[in-house]
Every structure is written in C-alpha cells, then in structure tokens.
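Notes to accompany the following structure.
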Amino acid sequence: MAELVLDQISGGYGALDILHGISVKLEAGEIVTIAGTNGAGKSTLLRAALGLLPRMNGRVLLRDTDLSSMPPEERIHAGLGCVPQVDNVFAQLTVIENFHAAAGGRITADSLERLLSGFPALKARLGLRAGTLSGGERQQLAFARAMVREPRVLLLDEPTAALAPARVQHVFEQVSALPRLGVAVLMVEQRARQALAISHRGYILDQGRVVMQGSASAMLKDPDMVRLYLGESQEG
C-alpha cells in the first residue's frame, strides 16, 4: 500500500483551475521529486495535499486514510508533515522553543534525543534564536520541526530556495537521509537535476498536468526531459 496517493487532483483559486487531474503516488521509504516549469502548479499541488487549496476535486489518501475532507491540522495529526518554502521556523524563538511549539507543548527529553540523533548539528544550537542561524542551519531546523510529530510523509516545498550555492548540496544530503528516519518524502524543487539525483522517482508538471514520470535515473537519461526541463545547468 502506498504511503501517499494524490488521485486525480484538480482545482485552484477562484474560478481558475491550476491543476488538471494530477495523480501522484509515494511509496514507503521513497523520495519523489515534483519538477517542471515555473507556474506549472508544483507548489499548488502540495497545498492541495495539505488541504490549503480553496477549491479541489480528487482524493488525498495517506495509506488507508482518506484526508480529502479533513482540515489541514487534522492532516498533520494523521501523519502528513510539511516544510514550506518560507516562514518555516519561528525566527524570534530559540531552537528548543521551536521544537516545543512544533510539539504543541513541551517536547519530551526522549523525543528530543531521538530528533537530535537525526539532526546532530542542532544540539549545540538549542539555546540560540532561529533567526541567528545560517541558512543551512535554519533549513535543518525546519526539517527537524516537521519531524517532531513523527510524520509518515514529509512534503518539502523548494528546500534549496534562497540558499547560498555552497549550502545546496548539504541540504540535498539532509533530504536523502530522511527516509532513514522512517519518513517518505515528496519534494517540489526547481533544481531538478540535483533533486532527481537523490530521488527514486519523479514527476514533471507543465501547465498543471503530469507530462513525464518514471524512475529518477531514467528521467535523467531522457533527452526530451533534459532538453525541456533540465537544460545544461547542474542546478536545473
């Protein structure tokens, strides 16, 4: 049984449809990348999965649970986590206070120890305000906050956006480690080539539709995919 199924998702804002019958599947232990042109609907698809799209048709299934009619907070409680592109940490709070906020109360010592085993660089930063962290450290904190509730699926929206080039590869290494923490990852990313390099499978969106899908390795070798969506840059 798939961890997450987005089944024939359509919808958008007001009367305008952004998504047109998109279906995506995420298996346990997988990293799957959603890539494509600017304005293709990538981030909108994640908003639909989280219940944040004003108007949506289709189904969102987390294993055997239908999330389609649930509000966002219930989807989080059911096991769906998210790291948004912006505003993904509380900059004025310390690292440990960010964890308390994500837990909805004080995080237990055992939970904190398990969390820091996956993000050891944050152990020496617990008393620092999140706003003082480097871009890479802040992104690690965003990942760790999302893991506080031990989600089964983590949605990542442009995790390398606005990072210095020297930090990008480190973030991809952090993403590649997430399945070892017991979470499957659905990632929207503009740096398609680098994202697919750490992924099991991928989907390419164009104008709100899936135009290519398959194993990540095969997609990286597909000349049409490279020509249309990757270009020559290593950053896609």
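Computed log10 I(q)/I(0) for the range 88-149 at 0.16 Å⁻¹: -0.39, from the Debye equation with unit scatterers placed on every C-alpha and solvent omitted.
What are the semi-axes of the equivalent ellipsoid for the range 1-116, taken as the square roots of 5 times the Cα gyration tensor eigenvalues, largest first, in whole Å?
On the way: eigenvalues 162, 59, 39 Å².
The three semi-axes for the range 1-116 are 28, 17, 14 Å.
Projection of the Cα convex hull of the chain, averaged over all directions and equal to a quarter of that hull's surface, yields 12.4 nm².
Listed by chain and number, the lysines whose C-alpha is less than 23 Å from the C-alpha of residue 42, apart from same-chain residues fewer than 8 away, are 25, 221. Only helices enter the 222 nm calculation for the chain: every DSSP H run of n ≥ 4 contributes -39,500 (n - 2.57), and dividing by all residues gives -9000 deg cm²/dmol, rounded to 500. By the rule of a C-alpha distance below 17 Å, with chain neighbours fewer than 8 residues away ignored, the aspartates and glutamates paired with residue 123 are 97, 110, 113, 137.
Values in this text are rule-based calculations from the coordinates and carry no lab data. All of these numbers come straight from a predicted model, not from anything done at the bench.
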